[in-house]
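The values are calculated or read from the model by the stated rules, or taken from the named source; none is laboratory data. Being a predicted model, the structure only gives us computed values, none of them experimental. Counting neighbours? That spans all protein chains shown, and the Cβs are built from the backbone with ideal geometry, glycine included. Just so you know, the surface numbers come from the protein's heavy atoms only, side chains and all, with ligands and any DNA or RNA stripped out. Shrake-Rupley method; radii C 1.70, N 1.55, O 1.52, S 1.80 Å.
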Amino acid sequence: MSSAPRTVLLLALMGLAALFAGWFINDKHWLATQLVFTAPPLALAVALRLGWRKAGFWASVLALGWFSHGVMSAWSHPETRWLALIEIALALLVIFSASLPGLRARFGKRR
């Protein structure tokens, strides 16, 4: 994965982890929300930083769930709609930045 999409992916994953940590800070099931929501993007950010080649793929797979969660939350909880919209934007950024190297390889100019 080239440098720019990798950096964007890393920042988006860290942004999601920070968003979830803040969003669920006062939840009565704090530990469960941190394990389910905050830990996966944080672990993937660490894995990406350590050079695990499949980190982008798994980030994209999990981003589909984050996107769905954001849409459901935005629709059903108006009081946290802005957090859900940020989650949607970050999930789309994860999917796009993880897919960009493959898209460039597939549709880029031939030498």
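Computed over the chain, relative contact order equals 34 percent, with contacts defined as Cα pairs under 8 Å that lie 6+ residues apart. Phe57 contributes an accessible area of around 120 Å² to the protein surface, as traced by a 1.4 Å probe with all chains present. Restricting the calculation to Cα atoms, segment 50-107 shows an Rg/Rh of 1.11 when the hydrodynamic-style radius is the Kirkwood one.
Accessible-area rank, largest first, for Trp23, Trp75, Trp82, Trp66: Trp75, Trp82, Trp23, Trp66, with all protein chains present and a 1.4 angstrom probe. Compared with the dominant Cα axis of the chain, that is its longest principal axis, helix 81-107 is turned about 10°. Farthest toward the positive end of the dipole of the chain, out of Ile25, Ser68, Thr80, is the Cα of Ser68, where the dipole comes from beta carbon charges about the Cα centre.
The helix-based estimate of mean residue ellipticity at 222 nm for the chain, built from -39,500 (n - 2.57) per DSSP H run of four or more residues and divided by its residue count, is -25500 deg cm²/dmol to the nearest 500. The residues of the chain expose, per residue, 65 Å² of accessible area to a 1.4 Å probe.
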